[in-house]
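Taken together, the values in this text are just the output of simple stated rules run on the coordinates, not laboratory data. Predicted model, so just to flag it, every value in this text is computed and none were measured. Cβ placement follows ideal geometry from the backbone for every residue including glycine, while neighbour counts extend to all protein chains displayed.
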Amino acid sequence: VTEQYTALVITIPINNPPQFETIPGNAFSFAENQTIVGQVIIFDPDSDPSDSANLLRLDVNGTDGNNSSVGNGMFDANLTDPNPVDDYFTYTIWYTPSARPNYEALPTTYTIDLNATDRDSSGSIVNQTTPLRITVTLTDEEEPPDIVSTENPIARTMFEDQDTSTILGFTPMEI
């Protein structure tokens, strides 16, 4: 006896959350006077930058306690690879204020959360990752000294054993 059955199998696509590639130590460091902080790679087979119904977005949020001026709004992310290979999307994290970061004048450590979301054409979140907390460290760079003078070039004539305390703009130094 042989029986034959017909089955209907329906595959319903599921939008899986994006996944962060490993960031060593969950930390970035960047040098003062530079604006690029680092790159983040996100795997998301459900996103397509050319399709407004399947958009991947990476939000950067400052988390430094109650001080909203530290970290919050100081960093952002841009999709730098609009044609990903194998659904791996590359985002560049960058320092956003117009003045370049100055190690001597700013906090040197920031904490930010990276939140990757899939959004539909109306901008509503369809799926998202658990935010990834990152430490960002601003590093010091050796900078050449600034010479401040009203004269260009600076010229002074001195004689041996001369009293230099009366020469305008001259600061004696010992060699």
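A Förster distance of 35 Å, applied to the separation of the beta-carbon atoms of I36 and M158, puts the FRET efficiency at 0.15.
R0 = 22 Å: FRET efficiency of T109 with Q19, Cβ-based, nearest 0.05? Write out the running numbers ahead of the final one.
Numbers: r = 27 Å, r/R0 = 1.21.
Taking R0 as 22 Å, the efficiency between T109 and Q19 is 0.25.
Spatially, segment 9-44 and segment 98-131 are offset by 11 Å when compared through their Cα centroids. Between T130 and T11, the simple label model (points 7 Å from Cα in the Cβ direction) yields a spacing of 3.0 nm. Roughly how many nanometres apart are two label points built 7 Å out from the Cα toward the Cβ at D140 and N61? Output for this residue pair reads 3.4 nm.
Subtracting the Cα-Cα distance of E3 and N78 from 0.36 nm times their residue separation leaves 21.1 nm of extension gain. Each residue of segment 111-128 was assigned a 3J(HN,Hα) from its phi angle through the Karplus curve 6.51 cos²θ - 1.76 cosθ + 1.60 (θ = phi - 60°); the sequence is 10, 10, 10, 9, 10, 9, 10, 8, 10, 8, 5, 8, x, 6, 6, 9, 7, 8 Hz, with glycine and proline shown as x.
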